[in-house]
Amino acid sequence: MQRELCGGTAQSPMTGDCAVDARDLTKRYGERILAVDRLTLRVHRGEVYGFLGPNGAGKTTTLRMLVGLIRPNSGEVRVLGEAPGTPNGLRRIGTMIEAPAFYPFLSGRDNLRVVARYAGIAEERIGPVLAEVDLAERAGDSFGSYSQGMKQRLGVAAALLKEPELLILDEPTNGLDPAGMAEMRTLIRGLGQGGRTVLLSSHLMTEVEQICDRVGIVRKGRLVAEGTVAELRAEDALRIRAEPLDEARRVLAAMHGVGEVAVRDGQLRIATDPARSAAINRALVEAGLVVSEVCVERASLEDVFLDLTQESEVGS
C-alpha cells in the first residue's frame, strides 16, 4: 500500500517536499549481486519512518547511497533537496550507519570532541547531546568500558551533534538486551518530536510498530509495501469455533454481507466487521449448532512482514 504524498511523478523534477526522495535506485555488486532493485522511497519531513526488512534485504546499502558513501548504478535521489554527499546536505544530516566506531581508550566526551572538531561543530554541543542520550554521568569513562547499549547511545549522540534536520539510524538496537532495546526505543521516540525527521532501519517488528509513523517494507532490494502500521495490517476478522464445522460453514456462507469463509486449524475465519459477532453467533445457535468461541483476530505487523518477506534473502 503506497501513497504519493511528496508530489511529483517518476518523470517530474525532484521536489523539496520530502526529506528523502529516491526514485528507481539500483545498486549492483558485480554481475551476480543485485542489492537494491529500482527502489523508490519517500520520507516526509517531520515523520519517523521505519525502513523494515530482513537481514540482507538491501537496507544498509540504501542508506549508504542516501548519504553518498556509495553511488547507485542508476536512479535519482535527493536528501533534504540536495544530492547525496554534498557538503550542504551533509551539514543537515546526522547518521549512524552500521556499528558506531570510536576510540576505545578515549572517554565518551573526548570521542565526541574528536567528531566535533572534524565536523567544525562547537564543543558546547557536546554536553546537551550527552544529556539527551542519558550519558552525562558516564561521559568521562572510556568508550571501551561502555556496555553495548551505551556504545549505541554514544553513536546517536555523535549523529545529533550537528542538530540535524534528518537523522538516519541503521539498526540502532543491534546487540542490545531487552532493557537496552526499550531504552533505545524511548530515546528514538523523543528524537522524532519537534519537527525532526527520523529514518530508522530495522528488522525488528516491535521496534518499528512502537515508534514509527509510517513503515516501508523492503524485500530483495525492492519496496513491497508502505503505509502506516494500521494500513499495512490486514482487515479485522472473526475466528469462530463451532460444531459441526461443515454445517457452521454453510450457515455463515449463506449470511448476507459475509465474505469468504475459510477453515483453518479446525476453526472458521471470516473477514467481516467485528460488530457483527453477536448476529453471527445468534445465527449459528438458532441453526442448532454448538458455538464454543467467537473472537476478533487482528493481523500483527509481524504477520504482514512474514507474508511479504518469506523467501530467503540474498544481498547486503
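The values are calculated or read from the model by the stated rules, or taken from the named source; none is laboratory data. None of the values given here were measured: they were computed from a predicted structure. Cβ placement follows ideal geometry from the backbone for every residue including glycine, while neighbour counts extend to all protein chains displayed. Only protein heavy atoms, including side chains, enter the accessible area calculation; ligands, DNA and RNA are left aside. Shrake-Rupley method; radii C 1.70, N 1.55, O 1.52, S 1.80 Å.
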Condition set part of a loop (DSSP other than H, G, I, E, B) and among the basic types (Lys, Arg), scope the range 39-74, selection most open to solvent (accessible area, probe 1.4 Å): answer is ARG71
Name the one entry in GLY194, GLY175 that is at pLDDT below 85, open to solvent by 60 Å² or more (accessible area, probe 1.4 Å) and over 24 Å from LEU41 (Cα atoms). GLY175
Can you tell me how many residues within the range 267-295 are open to solvent by 40 Å² or more (accessible area, probe 1.4 Å) and modelled with pLDDT under 85? 5
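Would you confirm whether any residue within the range 240-256 is in contact (Cβ under 8 Å) with a residue 12 or more places away in the chain, closer than 30 Å to SER202 by Cα and either open to solvent by 70 Å² or more (accessible area, probe 1.4 Å) or out of contact with any Phe, Trp or Tyr (no Cβ under 9 Å at 6 or more places or on another chain) (or both)?
Within the range 240-256 (the criterion being in contact (Cβ under 8 Å) with a residue 12 or more places away in the chain, closer than 30 Å to SER202 by Cα and either open to solvent by 70 Å² or more (accessible area, probe 1.4 Å) or out of contact with any Phe, Trp or Tyr (no Cβ under 9 Å at 6 or more places or on another chain) (or both)), the answer is no, since none of the residues qualifies.
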Positions within the range 123-152 being assigned to a loop (DSSP other than H, G, I, E, B) and surrounded by fewer than 19 Cβ atoms within 10 Å (Cβ to Cβ), in sequence order: ASP134, ALA139, GLY140, ASP141, SER147
Would you confirm, using the coordinates I've provided, whether ARG117 is surrounded by 15 or more Cβ atoms within 10 Å (Cβ to Cβ) and either in contact with a Leu (Cβ under 9 Å, 6 or more places away or on another chain) or not in a loop (DSSP other than H, G, I, E, B) (or both)? no
Which one of these is in a strand (DSSP E or B), under 23 Å from LEU232 (Cα atoms), open to solvent by less than 30 Å² (accessible area, probe 1.4 Å) and modelled with pLDDT of 90 or more: VAL36, VAL77? VAL36
Report yes if ARG222 is under 30 Å from VAL20 (Cβ atoms), at pLDDT 80 or above, surrounded by 12 or more Cβ atoms within 10 Å (Cβ to Cβ) and in contact with a strand residue (DSSP E or B) (Cβ under 6 Å, 6 or more places away or on another chain), otherwise no. yes
